[in-house]
1. Quick one: would you say residue 16 is touching a strand residue (DSSP E or B) at 6+ places or on another chain (Cβ under 6 Å) and among the hydroxyl-bearing types (Ser, Thr, Tyr)?
2. Considering only residues of the stretch 1-28 that are of a type in the set (A, V, I, L, M) and assigned to a loop (DSSP other than H, G, I, E, B), which is surrounded by the most Cβ atoms within 10 Å (Cβ to Cβ)?
3. Regarding residue 46, is this residue in a strand (DSSP E or B) and among the charged types (D, E, K, R)?
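What follows draws every value from the coordinates through simple rules; no lab data is involved. Everything numeric here is computed off the predicted structure, so don't read it as measured data. In this analysis, Cβ positions are derived from the backbone assuming ideal geometry, glycine residues included, and neighbour counts consider all displayed protein chains.
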Amino acid sequence: MEDKRILYVSSEVVPYLAENEVSSMSYEVPKMINNQGGQIRIFMPRYG
């Protein structure tokens, strides 16, 4: 996965919203990709 650039888009990410299955997964998956050498950015839309 080295040299891959990934934009991860999610409506929920820990620690910005309460922890649930989606927000936890939206934190763990990018963390795993980063540990494998990928360059990852997380985008979470701001509502309101």
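1. no
2. For the stretch 1-28, the residue satisfying everything is 13.
3. no
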